[in-house]
Each structure stands twice: as C-alpha cells, then as structure tokens.
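The values are calculated or read from the model by the stated rules, or taken from the named source; none is laboratory data. Just so you know, these numbers come straight off a predicted model, no measurement behind them. Cβ placement follows ideal geometry from the backbone for every residue including glycine, while neighbour counts extend to all protein chains displayed.
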Amino acid sequence: MSENLQHYRKSYDKGALRKNQALSDPLDQFTKWFDELKALDVDFEINAMHCITLDEAGYPVSRVVLLKGYDQDGFQFFTNYNSQKAQNIEKHPLVSLSFFWPNMERQVHIRGKAQKMSAAASDAYFSVRPRGSQIGAHVSEQSAVIESREFLETRLKALEELYANKEIPRPAHWGGYLIQPHEYEFWQGRPNRLHDRLRYTQVDGQWKIERLAP
C-alpha cells in the first residue's frame, strides 16, 4: 500500500530574513525570534527542540527535548545521564539542535558541543520542578527495556510513599547539559520554496554571516 502526499503543499509568506537586517550576534537574533513567538501566545511548547546525536553504530538519533535556559554560555536541557542521548553525548559530544516554529514559518538549527552542567546548576533546576516530575526522575531508568507499564506504576507508588512529606533529592544520574554553539542557521519560509537562510559561523572570535541557497 502506498499513499500519495503530493497534494500537501503550503506557500510560505509570513516574513523575510534580510542579511542587512539580521542582528550581528546570533544569540540576539535567536532571542528576537523567540520573543516574537512568545508574543503570539501559541498553544504549543515553543521551547521544544530536536536534539540530534550520533549513536555507536553511526546513526543520527533525533528526539524532542525542552530548552530550559540559554545565554552567552549556551543552550540548556536536562535528562537522565543513563539515557540513550546521554550515552551518545558521552562518546560523541558534538550535537545539533533544531527548532521548528510553524506559526512563523521559521526554523533555527544550531551545532555545538555538549558538556554536563555543574551539580549545583542541576540541583537548582531540579528543586523547582513539579514534585511529580521530581519523583519521575527516580522512577524511570530512561531508555532501558521494561516489562510493562505496571512496572512503572508500581515504582511510582513505592517512591511516592517513600518521599511522602519529604524533600525529594536529585538523583545522581539526572542533570543538565549545556550546548555551546559554534554554528547557527536561521531559516525563514518564503514563497516558491525560495526560502531565506542565514548561517552564522565563528571566524577568529567573530560571527560571520552568510546567505545560503534555499
């Protein structure tokens, strides 16, 4: 059985990205676009991003994670350090991040190097997570094969009883990563598939901006 999807077609006409109007610092450009998206008050997680790593067989692996902070040092997300993504990062710390914001017909792609955040930074974020999410970090051996959903539910109940009326500590196997970018690409959809693409790369400590063919 096959399905023809050729009729799925949309014209992009919500904006333009001119090189002479782009901000000189890619983090400032990212913030500008992110703030414009926040102002739309859309009904989806605007901080969702694909995190692409390389597995031990050489396959790229993509999954959606949530951006939890960014600044001049890099982009932050949190995960289980025993997960597949963390194991991939341990062996191949060069990763890609990708954002897709359909409401504005925009994408942002970032390449950089991942490193673990400090225990203090991970503790600080863990302390403000909802209590259920804190317990969930203890429950799940992320990416491990499990026998059933009931296995998780049983562990959850046991840990809820264990930590009833107690502060929940951050598991040692759970914490943050900081992605330090060395390349950005900003993509703005345009009519006739002639999209605007600007790439920022570092040259001698300065950001170089180049237009790429769509």
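L37 is checked against (1) in a loop (DSSP other than H, G, I, E, B); (2) among the aliphatic types (A, V, I, L, M); (3) closer than 21 Å to S96 by Cβ and fails just one. What number does that condition carry?
(1)
Considering only segment 55-87, how many residues are assigned to a strand (DSSP E or B) and buried (at least 16 other Cβ atoms within 10 Å of the Cβ)?
Number satisfying all stated conditions: 10.
Out of (1) among the aromatic types (F, W, Y); (2) farther than 30 Å from M104 by Cβ; (3) modelled with pLDDT of 95 or more, the odd one out for W187 is which?
Condition not satisfied by W187: (2).
Using beta carbons and a limit of 7 Å, which pairs, at least six apart or on different chains, have the first residue in segment 164-187 and more than 18 Å from Q202 (Cα to Cα) and the second one among the charged types (D, E, K, R)?
I168/R131; R170/D123; G175/K116; Y177/K116; L178/D73; W187/R106; W187/R197
If I filter segment 41-54 for residues that are in contact with a strand residue (DSSP E or B) (Cβ under 6 Å, 6 or more places away or on another chain) and part of a loop (DSSP other than H, G, I, E, B), do I get at least one hit?
Yes, segment 41-54 contains a residue that is in contact with a strand residue (DSSP E or B) (Cβ under 6 Å, 6 or more places away or on another chain) and part of a loop (DSSP other than H, G, I, E, B).
Which strands (runs of 3 or more DSSP E) sit wholly inside segment 91-197 and have at least 2 residues that are touching a Cys at 6+ places or on another chain (Cβ under 9 Å) and hydroxyl-bearing (S, T, Y)?
94-101
Please give the number of the condition E105 fails out of (1) on the phi > 0 side of the Ramachandran plot; (2) surrounded by fewer than 15 Cβ atoms within 10 Å (Cβ to Cβ).
Result: E105 passes all but (2).
Under 8 Å by Cβ, and 6 or more places apart or on different chains, what pairs join a residue from segment 102-123 that is over 16 Å from Q29 (Cα atoms) with one that is part of a strand (DSSP E or B) and of a type in the set (D, E, K, R)?
Cβ pairs passing all conditions: G112/E183.
Within the group D28, D43, which residue is at pLDDT below 95 and either of a type in the set (A, V, I, L, M) or over 11 Å from W101 (Cα atoms) (or both)?
The conditions single out D43.
Has segment 138-145 got any residue that is farther than 20 Å from C51 by Cβ and out of contact with any Pro (no Cβ under 9 Å at 6 or more places or on another chain)?
Yes, that holds for at least one residue.
Taking the residues in segment 133-191 that are polar (S, T, N, Q) and over 16 Å from F77 (Cα atoms) as candidates, determine which candidate is surrounded by the fewest Cβ atoms within 10 Å (Cβ to Cβ).
Applying the filter and picking the extreme gives N165.
Being of a type outside the set (D, E, K, R), touching a residue at least 24 places away in the same chain (Cβ under 8 Å) and on the phi > 0 side of the Ramachandran plot is the requirement here; does S143 meet it?
yes
From the list R170, R155, R106, exactly one residue is touching a helix residue (DSSP H, G or I) at 6+ places or on another chain (Cβ under 7 Å), modelled with pLDDT under 95 and of a type outside the set (V, I, T). Which is it?
After applying the criteria, what remains is R155.
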